[in-house]
Amino acid sequence: MNKQLKSLLELQKLNDEISERRKDIVALNASIKKQRDILDQERTDVEAIRAETVNIKMEQDKRELDLNTNETDIAKLLGQLNSAKTNEEYSALTRRIEEERRQDSGIEDEIIRLMERTDEIKAKADELKKDIDTREKELDVFEKEAQDQIAQYEAKIETLRRQCSEVESGIDEDSLAMYKRVFAKHDGDALAPADSVTLSCCGCNMHLTRETVNRVLGDDAIVFCKSCNRILYIPEYQR
Ligand SMILES: [Zn+2]
């Protein structure tokens, strides 16, 4: 194989590996961010659940007030009962007192229900918070490991970059400049196999002339696909 082309393929392989390591870093950072976002959202949800107890407390205070009003009414009615002049008046007052007491009992039940609801909500919120705290600690551990892993990837990328520079120093200026242009245009995908059987570029799937393929097979020049500009090479299984 053409020596320049061989170096370009080598360079592409190194660049592919750099690209893979970069993707690994992005994926790790994205995974951490996603998990942090989920936990943040869950914390907000727990606070919203807890906030419900404020409304319940207001409701409860209102009921307590109703209870006090009723107590005052009952005391008043009991006073009137002592000075009732007729049986009818006495019975009517007794009925009203009974009615007020019946209401009181209902309100007391309601207050108990509201208190129980508050306890339930607090217990639920505490439980959720405990679970979030646990998972946050796990995430901290995961993040620390991920940061170590990222540092390793970055060190690997540095090594690969140095290897790239070495390989690049063996490539002639024009070919390297062309490679870099195509690399930028095709998002890091600068070379493509030329299928010498189907006469097509495996980078863009467009037709290649027999003459183009023969020049690639001829091994004496850097040949570009006329459609996508990728640098062509004959894949190993067709050599
Ligand atoms: Zn092409």
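The values are calculated or read from the model by the stated rules, or taken from the named source; none is laboratory data. No experiment lies behind these values; they were computed from the predicted model shown. Heads up, the Cβs are rebuilt from the backbone with ideal geometry, glycines too, and the neighbour counts pull from every protein chain shown. The accessibility values were calculated without ligands, DNA or RNA, using every heavy atom of the protein model including side chains. Shrake-Rupley method; radii C 1.70, N 1.55, O 1.52, S 1.80 Å.
General remarks:
- The conditions of being touching an Asp or Glu at 6+ places or on another chain (Cβ under 6 Å) and open to solvent by less than 40 Å² (accessible area, probe 1.4 Å) are met by ILE74.
- Residues being among the polar types (S, T, N, Q) and open to solvent by 90 Å² or more (accessible area, probe 1.4 Å) - total across region 50-71: 2
- The condition (being acidic (Asp, Glu) and within 25 Å of LYS23 (Cα to Cα)) is satisfied by just one residue among GLU211, GLU158, GLU173: GLU158.
- Take the conditions (1) modelled with pLDDT of 95 or more; (2) out of contact with any His (no Cβ under 7 Å at 6 or more places or on another chain); (3) within 16 Å of the ligand (Cβ to nearest atom); SER200 misses just one of them, which is (2).
- The number of residues in region 162-188 that are in contact (Cβ under 8 Å) with a residue 60 or more places away in the chain, within 16 Å of the ligand (Cβ to nearest atom) and open to solvent by 50 Å² or more (accessible area, probe 1.4 Å) comes to 1.
- Single residue of region 203-219 satisfying the filter (open to solvent by 50 Å² or more (accessible area, probe 1.4 Å) and under 17 Å from TYR237 (Cβ atoms)) that is modelled with the highest pLDDT: LEU217
- For region 220-239, a residue qualifies if it is open to solvent by 40 Å² or more (accessible area, probe 1.4 Å), more than 11 Å from the ligand (Cβ to nearest atom) and more than 18 Å from VAL197 (Cβ to Cβ), and exactly one does: ASP220.
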